[in-house]
Amino acid sequence: MLNQTGVKSDSQVLMKKYEVTGLKDTRSGFGDALLELGRENENIVALNADLTGSVKMSHFAKEFPKRFFQAGIAEANMMCVAAGMTIGGKISFVGTFANFATGRVFDQIRQSIAYSNKNVKICASHSGLTLGEDGASHQILEDIGLMKMLPNMVVINTCDYHQTYAATKAIADYHGPVYLRFGRPKVPNFSLKDDPFVIGKAVTLNEGSDVSIFATGHLVWKAIEAGLVLAEKGIRPEIINIHTIKPLDREAVLNSVAKTGCVVTAEEHQINGGLGDSIAQLLGHEMPRPLEMVAVKDKFGESGKPDELLKKFNLDSPDIVKAALNVMERK
């Protein structure tokens, strides 16, 4: 069970406990689900840009060599080929690093995939700061913004192995372009294997009344850690996992904020263009309330160990606690 040393007994009702079944990388959730999809549906095809092992597509490539296409270091061409394959009824799963899957090929995605609403699943590994030692050139922090601005594009950012597995299976059944974002480091695997994944429906992890914390991706676990600290202080945080950034679960956001009266968003992305921006826009139109954003403050990343980078760029659980305390004072 989650280590709660020092948590007062009367505070445990303020924060749900989560069981961690191990540390697993989210990219493996994608790779394992892709293999299973290949066995279930012969229309599933996979394309990769010279990063088959890194994106965990090797097992699919070995079992289904006639349905796997190695594009080499030619991401723009790969996107166009993937779009073309869908015309014949194929479901194209494209895998590469998030930086190469968005920033390098935005024009091809816009013109060949989003504009014509092609059934392409852009599956992007090694996203955010937690890519780590590869540094700023590979740590794209703008990809969610790039993708969510495209009409027809669904944007999903998963929190752990099980949720990434479930999301990969879910997007195969959805007709249209999807951007699925996941990462390299091993992170706590706390969601359940059989938890349903519904595109566009947020997951409430802890019900509360004092502050709404909306987190996505790797920062969902950081939000849970922050929730334990807040519970020690007698604060009831409502923690919601926004795995689908577009379409945003407007109902879940507005219902939560109506209860708590203040908001914290947490994401491994630039403060501009990410989850925080989406929620701020919604609240600005529907329900203005105090809001704090835990995100990268208009900076490029740098080389370092993932946990050290999260601390340096103020994306750790203490930063979420601080944001929650600050925003509660503004109610």
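The values are calculated or read from the model by the stated rules, or taken from the named source; none is laboratory data. From a predicted model like this one, the values you see are computed outputs, not experimental measurements. Backbone-built Cβ (ideal geometry, glycine too); neighbour counts: all protein chains shown.
You will find that of SER58, SER28, the residue that is among the polar types (S, T, N, Q), under 19 Å from the mean Cα position of the chain (by Cα) and modelled with pLDDT of 95 or more is SER28 and no other. So, ILE144, is that one modelled with pLDDT of 95 or more, more than 20 Å from MET57 (Cβ to Cβ) and either touching a helix residue (DSSP H, G or I) at 6+ places or on another chain (Cβ under 6 Å) or β-branched (Val, Ile, Thr) (or both) or not? Considered against the rule, which asks whether it is modelled with pLDDT of 95 or more, more than 20 Å from MET57 (Cβ to Cβ) and either touching a helix residue (DSSP H, G or I) at 6+ places or on another chain (Cβ under 6 Å) or β-branched (Val, Ile, Thr) (or both), ILE144 comes out as yes.
Looking only at residues in segment 151-171 that are in contact with a Pro (Cβ under 8 Å, 6 or more places away or on another chain) and not small (Gly, Ala, Ser), the one that is surrounded by the fewest Cβ atoms within 10 Å (Cβ to Cβ) is ASN152.
Residues checked against (1) in contact with a Pro (Cβ under 6 Å, 6 or more places away or on another chain); (2) modelled with pLDDT under 95; (3) assigned to a loop (DSSP other than H, G, I, E, B):
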| position | (1), (2), (3) |
| --- | --- |
| ASP194 | no, yes, yes |
| ILE199 | no, no, yes |
| THR204 | no, no, no |
| PHE214 | no, no, no |
| ILE235 | no, no, yes |
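Among all residues of segment 163-175, there is at least one that is over 20 Å from GLY261 (Cα atoms), assigned to a loop (DSSP other than H, G, I, E, B) and either touching an Asp or Glu at 6+ places or on another chain (Cβ under 9 Å) or of a type outside the set (Asp, Glu) (or both). Looking at segment 4-105, the strands (runs of 3 or more DSSP E) lying wholly inside it that each contain 2 or more residues that are under 25 Å from LYS148 (Cβ atoms) and touching a strand residue (DSSP E or B) at 6+ places or on another chain (Cβ under 6 Å) sit at 44-48, 91-97. Can we say GLU225 is buried (at least 22 other Cβ atoms within 10 Å of the Cβ), out of contact with any Leu (no Cβ under 7 Å at 6 or more places or on another chain) and among the acidic types (Asp, Glu)? So GLU225 fails the test.
Which residues, taken from segment 216-233, are of a type in the set (D, E, K, R) and assigned to a loop (DSSP other than H, G, I, E, B)? Residue satisfying the conditions is LYS233 alone. When ILE122, ILE144 are checked against the criterion of being in contact with a strand residue (DSSP E or B) (Cβ under 8 Å, 6 or more places away or on another chain), outside the structural domain of VAL296 (by TED's automatic domain parsing), aliphatic (A, V, I, L, M) and part of a strand (DSSP E or B), a single residue qualifies: ILE122.
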